[in-house]
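The block underneath contains the structure these notes are about, expressed in structure tokens.
The values are calculated or read from the model by the stated rules, or taken from the named source; none is laboratory data. Since we're looking at a predicted model, the values are computed, not measured. For neighbour counting, all protein chains shown are included, and Cβ atoms are generated from backbone atoms with ideal geometry for every residue, glycine included.
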């Protein structure tokens, strides 16, 4: 799924659903989660294996979020990594507690995409074993 802010329409990944981070709510299709009902966000990561050729395989990494409220937990997998830092900024501005056991917020803020991918290539397997 892709993320967008303030109902902005995105041109990329038109075949994917959008998770909207609006002023006082997070919206996905008919689901509306008011900001004031959110207890916290759990931030983690997942990977997808891609095969370029028979001899070359690589992993793409994406952010996984669980939105916890008093009555439910909603899980989303974020595809557009370019918007992830903006999502973290939004959540921190709204003073939502973020559970980030792998330090992903800092990684996404401080590393360029190539350095981030190299770091994740080295560390992701270790993190996955700890789950």
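Tabulated results
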{"read-out": "Pairs with Cβ under 7 Å, 6+ apart, first in the stretch 58-71 and under 18 Å from residue 36 (Cα atoms), second at pLDDT below 90 and surrounded by 14 or more Cβ atoms within 10 Å (Cβ to Cβ)", "value": "65/78"}
{"read-out": "Test: residue in the stretch 28-39 that is part of a helix (DSSP H, G or I), surrounded by 11 or more Cβ atoms within 10 Å (Cβ to Cβ) and free of Cβ contacts under 8 Å to residues at least 12 places away in the same chain", "value": "no"}
{"read-out": "Number of the condition not met by residue 57 [criteria: (1) over 15 Å from residue 20 (Cα atoms); (2) surrounded by 14 or more Cβ atoms within 10 Å (Cβ to Cβ); (3) in contact with a strand residue (DSSP E or B) (Cβ under 8 Å, 6 or more places away or on another chain); (4) modelled with pLDDT under 90]", "value": "(2)"}
{"read-out": "Selection from the stretch 1-22 of residues that are assigned to a loop (DSSP other than H, G, I, E, B) and at pLDDT 85 or above", "value": "22"}
{"read-out": "Where residue 110 falls short, out of the listed (1) without any contact (Cβ under 8 Å) to a residue 40 or more places away in the chain; (2) buried (at least 17 other Cβ atoms within 10 Å of the Cβ); (3) farther than 27 Å from residue 33 by Cα", "value": "(2)"}
{"read-out": "Subset of the stretch 60-75 [touching a helix residue (DSSP H, G or I) at 6+ places or on another chain (Cβ under 9 Å), over 19 Å from residue 89 (Cβ atoms) and surrounded by 11 or more Cβ atoms within 10 Å (Cβ to Cβ)]", "value": "60, 61, 69"}
